[in-house]
Structure formats: structure tokens, C-alpha cells
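Take a look at the structure set out below.
The values are calculated or read from the model by the stated rules, or taken from the named source; none is laboratory data. Keep in mind that this is a model prediction, so the values were computed, not measured. Every residue, glycine among them, receives a Cβ derived from its backbone with ideal geometry; neighbour counts consider all protein chains shown. These area figures cover heavy atoms from the full protein model, side chains too; ligands, DNA and RNA do not enter into them. Shrake-Rupley method; radii C 1.70, N 1.55, O 1.52, S 1.80 Å.
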Amino acid sequence: MSYPGYPPAGGSYPPGSGPYQQAPGGYPAQPGAFPPQGGFYPPQPGAFPPGAGYPPQAGGFPAQAGGYPAQAGGYPAQAGGYPSQAGGYPAQAGGGYPAQAGGGYPAAPGGGFPPQAGGYPAAQPGTYPNMPPAAGGWGAQPGFGAPAGGMPQGYPGVPAPGQQPMPAFPGAPNPSMPGYGGGVPTGPTPPVGPTLNKGFRGTIKDFPGADPLRDVEVLRKAMKGFGTDENAIIELLGSRSNKQRVPLKAAYKTTYGKDLVKDLKSELGGNFEDLVLAMLQTPAQFDASELREAIKGAGTDEACLIEILSSRSNAEIREITRIYKTEYGKSLEDAISGDTSGHFRRLLISLSQGNRDEKETVDISMAKQDAQKLYAAGEKKVGTDESQFNAILCARSKPHLRQVFHEYQQMCGKDIEKSICGEMSGNVESGMVAVVKCIKNTSAYFAERLNKAMKGAGTKDRTLIRVMVSRSEVDMLDIRQEYQRLYGKSLYTAISGDTSGDYKKLLLKLCGGSD
């Protein structure tokens with residue numbers, strides 16, 4: 001990837017137009033010319049160019065005091081410099097990112113699904129992420145994972161290429177300072193967060209040239225006559241993104257005058273049927289139906305409620321609550337209130353508001369204050385003030401909370417999860433711990449959810465289907481990495497050993513491969 005103006009035109013450094021004027025033939029000196037003639041290297045007294053020779057004398061160019069770029073780690077970028085950092089932006093097919101309005105990078109997935117017609121409603125200016133959009137707009141198209149208008153251009157902490165950082169940009173390097181690109185960030189050391197892999201981290205992508213009318217022909221043929229061609233259904237649905245699968249229902253009805261879901265239900269069965277039908281819903285429809293099942297089923301699936309409400313963005317939660325009210329004639333908040341109690345109910349209702357701060361910046365002093373509040377509400381007193389934990393865990397931004405957890409560990413030498421386990425019990429304990437885990441490292445949290453679903457006697461297929469479908473276009477590659485790290489085997493291997501038949505084949509399509 002190249003950045004505007006770098007490398008210098010002509011591939012030479014310093015530039016040819018500078019005081020280091022090279023003679024034809026460049027450096028080293030012309031063949032046979034030894035010692036070099038005046039003006040070459042080394043320079044003769046008084047020769048110009050270069051005036052002071054190389055390396056330059058005091059006052060020369062370019063290495064003046066604090067000059068540019070002769071600093072350790074300076075420009076051009078050294079190992080670890082900017083932009084070639086480990087875990088940097090991966091090369092994209094086609095040679096780079098598509099041009100965006102404003103010149104920034106396309107918005108990274110915000111924990112949701114790729115853009116899709118009919119996706120989450122557009123956030124109004126000033127509502128996300130609690131600040132008005134910068135000039136030039138947000139950049140992403142409407143869809144799942146980011147509200148309409150999308151995320152800010154570029155990635156947090158890095159100005160878009162060719163642009164200067166804003167004056168108050170935290171930690172932004174100053175191009176006029178020595179060693180630009182190789183400096184060390186100032187301020188307190190941030191906590192070690194989850195490894196952020198930039199770019200698309202899902203396993204299911206848009207299928208090039210997919211046509212819903214052709215696709216429904218394949219589905220109709222697979223279900224017509226005696227028997228069902230399950231492999232054709234698996235190959236088709238397993239290679240289409242959510243925004244390509246959902247329109248198949250309307251296209252099928254338009255073409256054949258029949259309901260695709262009803263036809264699939266009559267032909268398929270068991271977990272394979274559940275998985276196929278889950279893949280034909282929008283993410284918000286699927287989440288709303290899962291919350292409904294978690295609440296109205298025999299007993300409440302508290303872990304499902306926490307999983308969905310703690311891992312979705314504000315825009316996603318608002319869309320889920322809208323669909324829940326439309327589909328089931330009752331608000332999600334009322335449904336939660338009628339089925340839960342105590343501090344656990346308060347935790348779920350707080351999360352269901354979809355009103356978490358989503359700023360990426362972190363105020364270290366505020367993080368220290370919040371860590372002190374949590375300590376005072378738990379470890380420091382007899383009994384526990386759950387409402388203080390609720391207020392901080394449900395309202396603060398995720399980057400801020402990661403810093404709070406770091407400060408808490410520094411302050412009392414104990415991990416926040418262990419403190420919660422020691423101070424609370426029951427559903428509120430498991431709920432608070434799940435929120436903390438999801439905030440610390442979302443991919444590791446989902447890897448743990450998958451492992452618990454497949455561990456022991458029997459498989460919790462509802463959890464397995466929900467996580468595989470909902471994360472396949474968000475962070476499945478990261479979940480696979482965390483699964484391998486935590487459990488010493490690939491997610492692909494675990495699914496292969498715990499499921500069977502067509503159900504297994506389609507799950508493995510969503511998994512995307514073995515590690």
C-alpha cells in the first residue's frame with residue numbers, strides 16, 4: 001500500500017531537487033572517477049552541490065538539530081514504523097481499499113453484519129457515537145454492524161492517509177517533530193486489549209454476480225420431486241452472504257407463488273432445518289427470535305439474553321427492540337421485566353436500552369475514578385453495591401472499560417472477574433462476568449460460548465447455530481484463532497467431532513476452514 005507522496009518521486013532519497021544534487025551517473029561517482037571530482041562524494045572544500053558534503057556539517061541539510069528524517073525509527077518507515085506495523089491493514093484483492101468519500105478507509109465491521117438493503121435504521125446526526133459526524137460524512141453504507149452513515153473514516157488513533165490529525169487527536173504524531181512514524185506514544189500505557197485484526201474478519205462474503213432469480217431456481221430444483229438435494233442447498237446458502245440470502249424469500253414467492261420457508265420446512269428437519277431457516281433471516285430478525293425463545297421457553301435462557309445484549313452495538317439493539325415489538329406485540333423491556341427479577345433484571349434492562357457510550361477515546365483519569373468506584377462498591381465494603389457495577393458496566397464505552405479493568409487490577413491486585421465472582425452470586429454474577437468477558441475480548445468470549453455448547457454430553461445446538469450464523473460475517477476468523485489458542489484444537493475439528501450429516505456440512509461452511 002502506498003501513501004500520497006511516498007516514496008519520493010523517482011525512487012531517490014533525498015529528492016533530486018534538494019541540495020544533494022547528484023551528477024549524471026549518481027552515486028557512487030562516475031566510472032573511473034577516483035578520487036571523486038569536486039561536488040561529488042566526499043565533497044571538496046567549498047564545493048557546491050553539496051555545500052557541506054555528506055554527511056552534512058553543522059547546519060547542513062537535512063540533519064539539523066531535531067531534523068527530519070535522521071531519527072531512529074524515522075521516515076522512511078523502519079520495522080514496526082508507520083505504516084508497516086504488525087497486524088496492519090491487510091492487502092485487499094484489487095490492490096487496496098476502494099476509494100471512500102473523504103479519502104478514509106472503509107469502515108471496519110462494528111460487531112455486526114455487512115451492509116444490506118433494509119438494514120439497521122440510519123443513526124441521526126449526533127447520536128452515534130455520541131458526537132456529530134465530522135465533515136465529509138462517516139463513510140459506510142447503511143447495514144448491519146454500523147448505523148447508516150457508518151463509522152468514522154480510518155481507524156481509531158490513526159489519521160486517514162494524506163490528512164493531518166485533528167488538533168485534539170489523542171496520541172497523534174506531529175509530522176514536524178523528529179522521528180515521525182517511529183515515535184513512542186505519550187501518556188500512560190494502555191491496557192493490553194484483544195488483538196485487533198483490521199479488515200473483514202468474517203468467513204462468508206458476497207458471492208460475485210449472485211442472482212436471486214437463478215438462486216431460487218436451484219433451491220426449487222433441489223426440493224422438487226422425490227427426495228431433496230441437500231448438497232445443492234448447502235452449496236448455495238453456504239456461499240451467499242446474509243444480504244444475498246434474505247431476498248431469496250421474496251424472489252421465490254415472486255417466481256413460484258410459494259413460501260420458501262414453508263417449502264424448506266416440509267423438506268428438511270432437525271437441526272439442519274433450524275440452521276437453514278436461521279440463515280434466511282436478517283441479523284436483527286434472528287436476534288429478536290432468539291430473545292423471544294430465551295424468554296418464553298421452558299425456563300429462561302439467561303446466557304442467551306446476556307450474549308446478545310452485551311455483544312451487539314447500539315444501532316443493532318435498537319433495531320432488535322423495534323422488530324421485537326412489531327413481531328411479538330410486546331416491548332423487549334416488558335418481556336424481560338416479566339421473566340426476570342432483581343439486579344439481573346436491571347442489568348438486562350440497562351443493556352437493552354442500546355445507549356452505551358461508543359466513543360473510542362479514553363480518559364485515563366476517569367477510568368481511574370471508575371476503578372475506584374468499583375473497588376469501593378465491592379471489595380472495600382461489606383456487601384456489594386450492584387447498582388454501581390451496573391451503572392459503569394452498562395453505560396461506559398468498551399475501550400474505556402478495558403482501561404477501567406486494567407486500573408482495577410493495578411489498584412487492588414485482583415482481576416475484576418474474580419472480584420465479581422467473590423461478591424455476587426446467581427444470575428447477576430454470571431451476567432456481570434459475561435459482560436466483562438465480552439468487553440475484554442469479544443472473540444474469546446464467543447470461542448468460550450462455542451466450547452461450552454459442544455462440551456460434555458449432548459450439544460447445545462441452539463447456541464451453536466446462533467453463534468455460527470451471527471458471527472460468520474463479523475469476526476469468525478478471530479473466534480477460530482481464539483478457539484485454537486484456548487482449547488488447543490481448531491474450531492473446525494471440534495464441530496466435525498460433535499455434529500454430523502448435512503447439519504455438520506453447513507456449519508463447516510460457516511466456519512470457513514481449519515486452523
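Consider Ser419 carefully, then state whether it is among the polar types (S, T, N, Q), within 17 Å of Met366 (Cα to Cα) and either open to solvent by less than 10 Å² (accessible area, probe 1.4 Å) or in contact with a Ser or Thr (Cβ under 7 Å, 6 or more places away or on another chain) (or both). Spell out the reasoning first.
Details: among the polar types (S, T, N, Q): yes; within 17 Å of Met366 (Cα to Cα): no; either open to solvent by less than 10 Å² (accessible area, probe 1.4 Å) or in contact with a Ser or Thr (Cβ under 7 Å, 6 or more places away or on another chain) (or both): yes.
Against the criterion (among the polar types (S, T, N, Q), within 17 Å of Met366 (Cα to Cα) and either open to solvent by less than 10 Å² (accessible area, probe 1.4 Å) or in contact with a Ser or Thr (Cβ under 7 Å, 6 or more places away or on another chain) (or both)), Ser419 does not qualify.
Could you identify the single residue in Lys440, Lys504 that is touching a Ser or Thr at 6+ places or on another chain (Cβ under 9 Å) and charged (D, E, K, R)?
Working: Lys440 fails: touching a Ser or Thr at 6+ places or on another chain (Cβ under 9 Å).
Every option except Lys504 fails the conditions.
Of the numbered conditions (1) more than 30 Å from Ala377 (Cα to Cα); (2) modelled with pLDDT of 95 or more; (3) touching a helix residue (DSSP H, G or I) at 6+ places or on another chain (Cβ under 7 Å), Gln484 fails exactly one; give the number of that condition.
Only one criterion in (1) more than 30 Å from Ala377 (Cα to Cα); (2) modelled with pLDDT of 95 or more; (3) touching a helix residue (DSSP H, G or I) at 6+ places or on another chain (Cβ under 7 Å) is unmet by Gln484, namely (3).
Listed here are the residues, each with its yes/no results for (1) modelled with pLDDT of 90 or more; (2) within 18 Å of the chain's Cα centre (by Cα).
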site	(1), (2)
Pro188	no, no
Ile204	yes, yes
Phe207	yes, no
Arg214	yes, no
Leu219	yes, no
Ala222	yes, no
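Yes/no matrix, rows are residues, columns are (1) open to solvent by 40 Å² or more (accessible area, probe 1.4 Å); (2) touching a residue at least 40 places away in the same chain (Cβ under 8 Å):
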{"position": "Ala250", "(1), (2)": "yes, no"}
{"position": "Lys262", "(1), (2)": "yes, no"}
{"position": "Gly270", "(1), (2)": "yes, yes"}
{"position": "Glu290", "(1), (2)": "no, yes"}
{"position": "Cys304", "(1), (2)": "no, yes"}
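Is at least one residue of the range 376-392 closer than 15 Å to Phe405 by Cβ, open to solvent by less than 40 Å² (accessible area, probe 1.4 Å) and at pLDDT 95 or above?
Checked the range 376-392: at least one residue is closer than 15 Å to Phe405 by Cβ, open to solvent by less than 40 Å² (accessible area, probe 1.4 Å) and at pLDDT 95 or above.
Kindly indicate whether Lys265 is among the basic types (Lys, Arg), over 28 Å from Gly458 (Cα atoms) and touching a helix residue (DSSP H, G or I) at 6+ places or on another chain (Cβ under 7 Å). It would help to see each step written out before you state the result.
Details: among the basic types (Lys, Arg): yes; over 28 Å from Gly458 (Cα atoms): no; touching a helix residue (DSSP H, G or I) at 6+ places or on another chain (Cβ under 7 Å): yes.
The answer is no for Lys265.
Which residues, counting only those in the range 451-497, are part of a loop (DSSP other than H, G, I, E, B) and either free of Cβ contacts under 8 Å to residues at least 60 places away in the same chain or over 16 Å from Thr203 (Cβ atoms) (or both)?
First, pick out the residues of the range 451-497 that are part of a loop (DSSP other than H, G, I, E, B): 455-460, 472-475, 488-490.
Scanning the range 451-497 gives Lys455, Gly456, Ala457, Gly458, Thr459, Lys460, Gly488, Lys489, Ser490.
Looking for whichever is in a loop (DSSP other than H, G, I, E, B) and not aromatic (Phe, Trp, Tyr) here; the options are Asp357, Asp370. Which one fits?
None of the others qualify; the one that does is Asp357.
Consider Val362 against the criteria (1) in contact with a His (Cβ under 6 Å, 6 or more places away or on another chain); (2) open to solvent by less than 10 Å² (accessible area, probe 1.4 Å); (3) of a type in the set (A, V, I, L, M, F, W, C): it satisfies all of them except one. Which criterion is unmet?
Here Val362 meets the rest and fails (2).
Out of all the residues in the range 454-499, which are among the basic types (Lys, Arg), surrounded by fewer than 23 Cβ atoms within 10 Å (Cβ to Cβ) and more than 20 Å from Ala278 (Cα to Cα)?
Lys455, Arg485, Lys489 - these are the residues of the range 454-499 that are among the basic types (Lys, Arg), surrounded by fewer than 23 Cβ atoms within 10 Å (Cβ to Cβ) and more than 20 Å from Ala278 (Cα to Cα).
Specify the residue that is nearest to Lys505 (Cα to Cα); the eligible residues are those in the range 420-450 that are polar (S, T, N, Q) and in contact (Cβ under 8 Å) with a residue 40 or more places away in the chain.
Only one residue tops the list, namely Ser443.
Checking Asp206 against (1) among the acidic types (Asp, Glu); (2) farther than 20 Å from Gly512 by Cβ; (3) open to solvent by 30 Å² or more (accessible area, probe 1.4 Å), which single condition isn't satisfied?
Evaluating Asp206 over (1) among the acidic types (Asp, Glu); (2) farther than 20 Å from Gly512 by Cβ; (3) open to solvent by 30 Å² or more (accessible area, probe 1.4 Å) leaves (2) as the failure.
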